[in-house]
Every structure is written in structure tokens, then in C-alpha cells.
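Since every read-out is calculated from the coordinates, none of them should be taken as a lab result. Nothing here was measured: the structure is a model prediction, and the numbers come from that model. Please note: Cβ atoms are built from the backbone with ideal geometry, for glycine as well, and neighbour counts cover all protein chains shown.
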Amino acid sequence: MNLKRYHIIGFIFTIILGSILHFTYDFFNKNIIVGYFSAVNESTWEHLKLLITPIIIFSIYEYFVYGKNIDNFIIIKALSILLGMLVIIASFYTYKGIIGKDYFILDIATFILGAFSAYYFSYKMIENKKFYNENSNYIGIIIYFLLIFAMIYFTTNPPKINLFLDPITNTYGI
């Protein structure tokens with residue numbers, strides 16, 4: 001097993017699938033099930049799904065290929081998603097705060113930076129066997145379920161805060 005190779009492939013997979021997921025909701029005639037896992041509008045939250053969904057899918061694949069033999073695999077993958085989300089949110093709102101508006105190319109760069117951060121963190125922490133104790137995998141599974149629940153719930157019931165505001169339509173959710 002080449003841990004580095006899997007993380008590079010996962011990073012590329014996430015960038016490609018995440019880019020595709022930006023358009024799948026409209027492509028599938030606004031199917032609500034598709035909307036739970038892809039962007040339904042231009043809000044920051046909806047764009048986080050473009051990171052979350054591919055990493056979860058690839059992590060499941062990785063788990064069955066090599067992850068079930070690694071004690072800290074589940075918790076590290078869950079934490080890597082949270083880190084990637086944090087990097088996207090922080091870098092997006094920082095550059096937008098400095099420049100005063102958002103730019104498409106910088107939005108793409110924040111997504112790539114978030115995905116890179118997630119996979120780099122995952123690679124380093126799995127390699128160094130960090131974040132493991134007898135409950136860590138249970139915590140990782142809970143994080144996964146909370147992320148999936150949040151993607152589904154907030155698609156139709158988003159809080160009225162800027163993270164969930166579609167800046168184009170000035171609306172929230174679907």
C-alpha cells in the first residue's frame with residue numbers, strides 16, 4: 001500500500017468530482033436527493049458539499065482497500081474533512097474581506113486549498129499514527145453522520161446566516 005499515492009489520487013478525485021457536483025443538481029432537474037450531496041445554490045455552505053461528498057466517497061473506497069487495517073483511519077478522515085471545510089471558509093471570507101468581493105478564480109483556489117489541506121493532513125496524521133484511542137473511531141463515525149445529516153438538513157432548512165446565503169439570489173437553501 002502506498003499511502004502517498006492514495007492521497008494524491010483522492011485529492012485529484014475530490015477536485016474532479018467536486019467540480020462536477022457544482023452542476024449536478026441542475027443537471028438532474030433539481031432532484032432533491034442529488035441536492036443533498038451537491039450544490040443547490042451559490043452559498044458558501046453549498047460549496048462545502050463539493051469537498052465533503054467526494055472525500056466521504058473516496059474515504060469509503062480507501063477504507064476497504066487499506067483503511068480497515070489502520071487504527072486511526074476513520075477519525076483522521078473525519079477530521080480532515082472538517083479541516084478542509086475550515087480552510088475553505090477561512091480563506092474565502094479572508095480574501096473576500098480584503099478585496100471586497102469574490103472572484104471565480106479565487107473561489108476555485110480556495111476549494112483546491114481546502115482539498116489539499118484535507119488530504120495533506122490525512123496523509124501526515126495516518127502516517128504518524130496520530131489521534132487514536134479506543135473511542136476515536138466512534139467519534140469519527142459520529143462526525144461522518146453529523147456531516148451527512150447537516151448536508152441533508154441544511155439543504156432545505158438553512159440557518160439565516162451568511163454562510164448559507166446565496167449571494168446571487170439573496171435566498172437560503174432550495
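Okay, here's what the table says:
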{"item": "Net +/- balance of residues flanking Tyr172 in space, Cβ distance below 12 Å, scoring K and R +1, D and E -1", "result": "-2"}
{"item": "Theoretical FRET efficiency, 1/(1+(r/R0)^6), r = Cβ-Cβ of Thr94 and Tyr61, R0 45 Å, to 0.05", "result": "0.85"}
{"item": "Two-site FRET efficiency, Asp102 against Tyr138, from Cβ-Cβ distance with R₀ of 45 Å, rounded to 0.05", "result": "0.75"}
{"item": "Shape of the range 27-152, Cα gyration tensor, a/c cut at 1.5", "result": "oblate"}
{"item": "Positive minus negative residues near Gly84 (Lys, Arg vs Asp, Glu; Cβ under 13 Å)", "result": "+2"}
{"item": "Longest site-free stretch - the chain; sites: trypsin sites (Lys or Arg not before Pro), DSSP loop, at most 10 other Cβ within 10 Å", "result": "1-100"}
{"item": "Estimated inter-spin distance, Leu86 and Arg5, nm [label 7 Å along Cα→Cβ]", "result": "3.2 nm"}
{"item": "Computed lengthening from Lys68 to Ile161, 0.36 nm per intervening residue step minus Cα-Cα distance", "result": "29.6 nm"}
{"item": "222 nm mean residue ellipticity, helices alone, for the chain (DSSP H n ≥ 4; -39,500 (n - 2.57); rounded to 500)", "result": "-25000 deg cm²/dmol"}
{"item": "Simple label model, 7 Å out from Cα along Cβ direction - Asn31 to Ile148, nm", "result": "1.8 nm"}
{"item": "0 to 90° range, to nearest 10: angle between helix 3-27 axis and the chain longest Cα axis", "result": "30 degrees"}
{"item": "The chain: angle of helix 44-65 to the longest principal axis, Cα-based, in degrees nearest 10", "result": "20 degrees"}
{"item": "Additional length obtainable on full extension of the chain from Phe23 to Phe131, 0.36 nm per residue less Cα span", "result": "35.3 nm"}
{"item": "Pairs of lysine residues in the range 3-172 - Cα separation under 17 Å, sequence separation of 8 or more or cross-chain", "result": "13"}
